[in-house]
Amino acid sequence: MRAYVLRHYGGPEAAQLMDVAAPTLRPRDLLVEVRAAGLNPVDFKFRRGMLRVILRPKLPFVLGNELAGEVIAVGSDVKRFRVGDRVFARVAKERAGAFAEQACIDEDDAAHMPPNLDFTAAAAVPLAGLTALQALRDELDVKPGLKVFISGGAGGVGTFAIQIAKWLGAHVTTTASKRGEALVRSLGADEVIDYTAQNISDREDRYHAGFDLVGGKTLDQMFKIMKPGTKVVSVAALPEPQTAIRDLGGRRALAALFWLISYGIRSRARRAGIRYRYLFMHPSGRDLAVLAELIEQGKLKVIVDKKYPFGEIAEALDYVESGRAKGKVVVTFTP
Ligand SMILES: NC(=O)c1ccc[n+]([C@@H]2O[C@H](COP(=O)([O-])OP(=O)(O)OC[C@H]3O[C@@H](n4cnc5c(N)ncnc54)[C@H](OP(=O)(O)O)[C@@H]3O)[C@@H](O)[C@H]2O)c1
C-alpha cells in the first residue's frame with residue numbers, strides 16, 4: 001500500500017511517499033481503508049525529531065495521527081464495530097500510521113462517524129477536537145458563566161475550543177489576526193483580540209480559565225490577565241512534571257526532565273498566582289463519541305481550511321508548518 005513514511009528525522013526531505021506492507025491486524029484492531037487523514041503540527045514536529053524524548057518508534061515509520069475511513073476487517077476480540085462501519089480516530093501515538101491507504105486502530109480509539117459528515121470533515125475532528133474537549137472539560141472544568149481566554153483561536157485546535165467552551169456555557173475571549181477574526185466570531189467568540197495590534201497583558205478584564213495554543217510570550221502575557229488562583233492549560237509551551245505523571249504513564253525520569261525545562265514557566269505562573277499545566281491529549285473513542293454527538297446535533301462545526309490529494313501530502317504538511325492554517329488541513333484518498 002501507498003504510505004507517507006519517515007525515513008530519518010529532519011526537514012521535508014526526511015519523509016516520502018512509498019509502497020510498504022499493509023499493517024497487521026491485532027485481536028482488538030479494526031483494519032480501516034483510510035478515506036481521509038487530518039494533518040497537525042505534531043506531524044512536522046515529530047518529523048523534525050522534536051518528540052524523540054517521548055516517542056522513539058523504529059524507523060522507517062508511517063506518519064499520521066488521525067483518520068476517517070471504512071472498516072474492512074475486524075480482529076477476533078472487537079465488540080463495537082463491524083465491516084462496513086464508517087469510523088474516525090485519533091490513532092495511538094506510538095503506532096501512528098494514518099497517512100496510508102490502510103491503517104489498523106484499536107477499537108477503544110475509534111468512534112462511529114457522525115452521519116452528517118463526509119470523510120474529509122470527519123478526518124479533521126479527532127486530534128484537535130479531543131485536545132479542546134479534554135483541556136476545557138477535564139483540565140479547566142469550564143462551567144456556565146466562566147470567562148475563558150483562548151490564545152490562537154483560528155487554528156485547528158482553536159476552532160474546536162471556541163465552540164466547545166461556548167457549549168460548556170463560558171464567555172469566550174480569543175486571539176486572532178485580522179485574517180482569522182471573521183472565522184472565530186462566526187464560531188461564537190464573544191471577544192476577539194488582534195494579537196498583531198494589541199498586547200494581551202494590556203487587557204483590564206480578568207479570566208477564570210486560560211487555554212494556550214501558542215506558547216512563548218503569549219503564555220507569559222496570559223498569566224497576567226488571569227484571576228489569582230486560576231489555571232492555565234497549554235498544549236503549545238513546555239511540558240511540566242504532571243505531563244509525565246498523568247499523560248505519559250508516570251515516567252519518573254521524564255518528570256524530572258520536565259521539572260527542569262518548565263522551571264521558568266512554572267516560576268512565572270507561581271509569581272502571578274496561577275497554576276500551570278501542560279496537557280498531552282490522549283486518544284479516546286469515548287470522548288470522540290461525545291464530539292460526534294455534538295456534530296450530529298449541529299452544535300459543533302468542523303472547519304476545513306484546505307484539502308489536498310494524498311499524493312500532495314508534502315505540500316499539505318508545508319502549509320501546516322507555515323502556521324497560518326484557518327481550521328484544519330486534510331488529505332483525501334480516492335475514491
Ligand atoms: N499537547 C497536545 O496534546 C497538542 C494537541 C494539539 C495541538 N498541540 C499544539 O497546539 C498548537 C496549536 O495547534 P493547532 O493545530 O491549532 O495549530 P495550527 O492550526 O497550525 O494554528 C495555526 C493558527 O494559529 C494562529 N496563530 C499563529 N500565531 C499566533 C499567535 N501568536 N497568536 C494567536 N494566533 C496565532 C494562526 O493565525 P494567523 O495566521 O492569523 O496568525 C493560524 O490560524 C501547536 O503548537 C500544536 O503542536 C498540542
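Points worth noting:
- Candidate lysines for bridging to Lys227, where Cα separation is under 24 Å - those fewer than 8 sequence places away on the same chain excluded: Lys143, Lys147, Lys166, Lys217
- Size of electric dipole in the stretch 1-72: Cβ of Lys, Arg +1 and of Asp, Glu -1, about Cα centre, debye, nearest 20: 400
- Residue-by-residue Karplus 3J(HN,Hα) for the stretch 106-113, coefficients 6.51, -1.76, 1.60, Hz, glycine and proline x: 5, 4, 5, 8, 9, 9, 6, 5
- Kirkwood hydrodynamic radius over Cα pairs of the chain, then Stokes diffusion coefficient at 20 °C and 1.002 mPa s, in µm²/s: 106
- Computed extension gain for Asp141 through Arg251, at 0.36 nm per residue and net of the alpha carbon distance, reaches 37.0 nm.
- Here's how it looks for Ile150: its modeled amide H is under 5 Å from those of Thr173, Thr174, Thr175, Phe211, which are all 5 or more places away or on a different chain.
- Packing rank of 274-282, 92-100, where each peptide gets the mean count of other beta carbons within 10 Å, highest leading: 92-100, 274-282
- Label point 7 Å beyond Cα of Lys45 along Cβ direction - residues of the stretch 233-248 with amide nitrogen under 12 Å: 234-240
- Relative frequency of Cα-Cα separations exceeding 20 Å in the stretch 1-58, percent: 39
- Taking every DSSP helix (H) stretch of at least 4 residues in the chain, weighting each as -39,500 (n - 2.57) and dividing the sum by the residue count yields a mean residue ellipticity at 222 nm of -7500 deg cm²/dmol.
- Sequence of Met226, Met50 once ranked by neighbouring C-beta atoms within 10 Å, starting from the fewest: Met50, Met226
- Top positive-direction residue, dipole computed over the chain with Cβ charges, set Phe61, Val172, Val329: Val172
- Translational diffusion of the stretch 149-189, µm² s⁻¹ [Kirkwood Rh, Cα pairs; Stokes-Einstein; 10 °C; 1.306 mPa s]: 165
- Under 10 Å, Cβ to Cβ, from Ala98 - net charge with Lys/Arg +1 and Asp/Glu -1: 0
- Taking the number of Cβ atoms within 10 Å of each Cβ as an exposure proxy, the fewest-first ranking of Arg47, Arg80 is Arg80, Arg47.
- Cα-only Debye scattering, the stretch 1-150: base-10 log of I(q)/I(0) at q = 0.20 Å⁻¹: -1.22
- Stretchable slack from Ile72 to Asn199, in nm (0.36 nm times residue separation minus alpha-carbon distance): 40.6 nm
- Screening the chain for whole DSSP H helices of 15 Å or more along their axis (Cα) with average Kyte-Doolittle hydropathy at least 0.5 returns 156-167, 285-296.
- Spin-label pair Ala92/Gln297, simplified geometry with 7 Å Cα→Cβ offset, distance in nm: 3.2
- Positive-end extreme of charge dipole, the stretch 105-230 - chosen from Ala123, Ala182, Ala110 (charges on Cβ): Ala182
- Fewest-first ranking of Glu66, Glu296, using other Cβ atoms within 10 Å as the exposure measure: Glu296, Glu66
- Net charge in the neighbourhood of Ala22 (other residues with Cβ under 13 Å of its Cβ; Lys, Arg +1, Asp, Glu -1) is -3.
No lab work stands behind these numbers, since they all come straight from the coordinates. Owing to the predicted nature of the structure, the values given are computational and were not obtained by experimental measurement. Cβ: placed from backbone, ideal geometry, glycine included. Neighbour counts: every protein chain shown.
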